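Each remark here refers to the structure printed beneath this line.
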Amino acid sequence: MRLAVLMTSCAMPVMAQDISLSLPIDCTLGDTCYIQNYVDHDPSDAASDFQCGGLTYDTHKGTDFGLISLAAMERGVDVFASASGTVRGVHNVLFTADL
């Protein structure tokens, strides 16, 4: 009888907990920074962001943030963990565009 109770309790589904995420960089989204690229949700050779748009590229697995100017990039921006944890590394890439 005791074994049956233990097996039943192990078979209970794990309750999902709310995950609280925050912006992983020290900026104001839409003001001092913007989303450069989203995760690619298209499993084919094409690319599609979460809204079926083109703000991604094939096999992209992250979310890229951009700063509004070269001066802001040169000043730098603090990077934070978006959930509890520690930032173990950052990747800086400088893209420039003719506007």
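Bear in mind that the values in this text are calculations on the coordinates, not laboratory data. These numbers come from a predicted model, not from an experiment. Heads up, the Cβs are rebuilt from the backbone with ideal geometry, glycines too, and the neighbour counts pull from every protein chain shown.
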Self-check item: Inter-probe distance in nm under a simple model that places probes 7 Å from Cα toward Cβ, at VAL87 and ILE25
Solution: 1.0 nm
Self-check item: Distance cut-off 17 Å, percentage of C-alpha pairs in region 27-88 lying past it
Solution: 53 percent
Quiz item: Hey, what do the phi angles of region 64-75 turn into as Karplus ³J(HN,Hα) couplings, whole Hz, using 6.51/-1.76/1.60 and θ = phi - 60°, x for Gly and Pro?
Solution: 9, 10, x, 9, 6, 8, 5, 4, 5, 5, 5, 5
Self-check item: Gain in span if fully extended, ILE68 to CYS52, counting 0.36 nm per residue against the direct Cα distance
Solution: 3.3 nm
Exercise. Amide H neighbours of CYS33 under 5 Å, at least 5 residues apart or on other chains, H built in the peptide plane: list them.
Key: THR28
Self-check item: Average Cα contact separation per residue, region 27-88, under 8 Å, 6 or more apart, as relative contact order %
Solution: 30 percent
Quiz prompt | ³J(HN,Hα), Karplus 6.51/-1.76/1.60, whole Hz, each residue of region 39-48, x for Gly, Pro | solution = 5, 7, 9, 8, x, 7, 6, 7, 9, 8
Practice problem: Rank MET73, ALA47, GLY30 by how far each Cα sits towards the positive end of the charge dipole of region 27-88 (+1 on Lys, Arg Cβ; -1 on Asp, Glu Cβ) and give me just the farthest. | Solution: MET73
